[in-house]
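Peer 1: This structure is in structure tokens; I'll ask about it shortly.
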Amino acid sequence: MPDIPIFPDLAGKTALITGGSGGIGAETARWFAYNGVRVTIAGRDQTRLDHVAASLDAISSGHAAIALDCSSADQLEAARTALIERLGGLDILIAFAGGGTSRPAPIEQVTERDWRSSLDNNVTATFLTLRTFVPDLKESGHGTAVTMASTAGRAPSSAPLGYGVAKAGIILLTQQLAQDLGPDSVRVNCISPSAVLTDRTAERMPPPVRQAIADTHPLRRLGTPADVAAATLFLASESAGWLTGATLDIAGGRLMH
Ligand SMILES: NC(=O)c1ccc[n+]([C@@H]2O[C@H](COP(=O)([O-])OP(=O)(O)OC[C@H]3O[C@@H](n4cnc5c(N)ncnc54)[C@H](OP(=O)(O)O)[C@@H]3O)[C@@H](O)[C@H]2O)c1
């Protein structure tokens with residue numbers, strides 16, 4: 001087994017990880033599986049899902065994959081029915097699905113379509129995912145959710161305008177739900193990474209560009225999916241039992257709030 005921290009209270013719990021078909025979400029799913037969690041991954045691409053599901057099955061049993069678009073309320077509801085039928089309940093919701101859907105551009109060149117697509121795929125998808133599964137997190141008695149923002153949602157940046165605004169919306173959504181759901185013992189926290197090297201980001205970043213971006217971080221390296229998985233595991237565990245409404249900057253020191 002790789003060198004992964006174990007939080008004993010996670011064993012036997014159930015988790016849904018949207019965005020689990022690749023990159024950060026896939027690595028996070030494996031870390032939860034190593035912790036004895038029964039993991040369901042969700043994404044749109046069946047081939048990617050199958051690939052990650054096989055890596056989870058190699059760790060332990062009881063995992064599943066669901067193909068769905070998180071910007072569709074109907075698809076989320078159908079997925080919920082299937083998940084609850086199979087597992088009986090949900091303790092942990094990791095809402096990581098999202099990402100950039102357009103290129104950076106000055107506002108005059110941002111099309112309405114690009115703008116709406118960035119918001120749909122990030123803040124609306126996160127809202128719909130939470131709305132669908134919050135009743136199950138309340139029912140759990142120790143439910144917890146972790147959402148996915150970005151440094152692009154923390155301060156102005158060179159990222160696409162709609163993407164940054166959508167990620168900023170996810171931070172406020174997280175804080176609002178932390179306040180509203182606290183009395184139901186549901187904790188809601190947010191992860192906000194800077195540049196993380198995944199297969200997808202590696203394609204866009206030749207090595208000299210990687211080094212230049214790494215050098216903008218005080219720790220002088222890019223993030224890894226493991227950096228994010230470690231923080232997510234902690235937030236989902238009872239070690240973070242009095243932590244809600246927080247946004248963790250997994251950012252190599254690039255952002256200090
Ligand atoms: N990598 C970074 O540097 C970085 C930095 C800050 C924040 N983030 C955020 O971290 C999250 C994961 O990104 P990543 O870098 O790991 O990228 P990735 O490898 O492209 O993963 C994105 C994941 O989200 C899923 N997804 C996207 N839109 C979806 C939708 N509408 N419905 C269902 N699933 C959807 C994708 O599934 P399918 O491909 O199967 O559809 C995939 O599993 C994203 O929210 C991203 O904005 C990444």
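Peer 1: Among the numbered criteria (1) of a type outside the set (G, A, S); (2) touching a residue at least 24 places away in the same chain (Cβ under 8 Å); (3) near the ligand (Cβ under 10 Å from one of its atoms), which single criterion is violated by R80?
Peer 2: The failed condition is (3).
Peer 1: Among the residues of region 151-168, is any at pLDDT 95 or above and more than 16 Å from the ligand (Cβ to nearest atom)?
Peer 2: no
Peer 1: Just a yes or no: is a residue in region 234-242 within 13 Å of the ligand (Cβ to nearest atom) and not basic (K, R)? Don't jump to the end; show me each part of the working.
Peer 2: So the first thing to find is which residues in region 234-242 are within 13 Å of the ligand (Cβ to nearest atom), and the list is none.
No, because not a single residue in region 234-242 is within 13 Å of the ligand (Cβ to nearest atom) and not basic (K, R).
Peer 1: Anything in region 240-257 that is in contact (Cβ under 8 Å) with a residue 40 or more places away in the chain, under 27 Å from L10 (Cα atoms) and surrounded by fewer than 14 Cβ atoms within 10 Å (Cβ to Cβ)? List them, or say none.
Peer 2: G241
Peer 1: For a quick check of your reading of the model, give me the residue pairs whose first member lies in region 111-124 and is more than 15 Å from A152 (Cβ to Cβ), whose second is at pLDDT 95 or above and of a type in the set (G, A, S), with beta-carbon atoms closer than 6 Å and at least 6 apart or on different chains.
Peer 2: Close Cβ pairs satisfying both conditions: D120/S71; T124/S71.
Peer 1: Ok, one more. Counting just the residues of region 184-208 that are part of a loop (DSSP other than H, G, I, E, B) and in contact (Cβ under 8 Å) with a residue 60 or more places away in the chain, which one comes out farthest from the ligand (Cβ to nearest atom)?
Peer 2: Per the stated criteria, the residue is S194.
Peer 1: Same structure again: Filter region 125-159 for residues that are basic (K, R) and part of a helix (DSSP H, G or I); which is most open to solvent (accessible area, probe 1.4 Å)?
Peer 2: Ranking the qualifying residues of region 125-159, first place goes to R131.
Peer 1: Determine whether region 53-67 contains at least one residue that is within 16 Å of the ligand (Cβ to nearest atom), under 17 Å from T198 (Cα atoms) and at pLDDT 95 or above.
Peer 2: Scanning region 53-67, I find at least one residue that is within 16 Å of the ligand (Cβ to nearest atom), under 17 Å from T198 (Cα atoms) and at pLDDT 95 or above, so the answer is yes.
Peer 1: Taking region 60-86 as the region of interest, how many residues are hydrophobic (A, V, I, L, M, F, W, C) and surrounded by fewer than 18 Cβ atoms within 10 Å (Cβ to Cβ)?
Peer 2: The qualifying residues number 5.
Peer 1: Pairs, please: C-beta under 8 Å, at least 6 apart or cross-chain, first residue open to solvent by 80 Å² or more (accessible area, probe 1.4 Å) and in region 31-54, second away from the ligand (no atom under 12 Å from the Cβ)?
Peer 2: Listed pairs, sorted by first residue: R38/G12; R38/K13; R38/T14; R38/A15; R38/G62; R38/H63; R38/L87.
Peer 1: So, in region 87-98, of the ones that are within 10 Å of the ligand (Cβ to nearest atom) and among the aliphatic types (A, V, I, L, M), which residue ends up most open to solvent (accessible area, probe 1.4 Å)?
Peer 2: A97
Peer 1: Surrounded by fewer than 19 Cβ atoms within 10 Å (Cβ to Cβ) and farther than 24 Å from A78 by Cα: is that true of E112 in this structure?
Peer 2: yes
Peer 1: In addition: Has region 3-20 got at least one residue that is within 15 Å of the ligand (Cβ to nearest atom) and over 15 Å from the mean Cα position of the chain (by Cα)?
Peer 2: no
Peer 1: Residues of region 209-233 being in a loop (DSSP other than H, G, I, E, B) and crowded, with 17+ Cβ neighbours inside 10 Å, which ones?
Peer 2: H217, L222
The values are calculated or read from the model by the stated rules, or taken from the named source; none is laboratory data. Everything numeric in this text was worked out from a predicted model, so none of it was measured. Every residue, glycine among them, receives a Cβ derived from its backbone with ideal geometry; neighbour counts consider all protein chains shown. Only protein heavy atoms, including side chains, enter the accessible area calculation; ligands, DNA and RNA are left aside. Shrake-Rupley method; radii C 1.70, N 1.55, O 1.52, S 1.80 Å.
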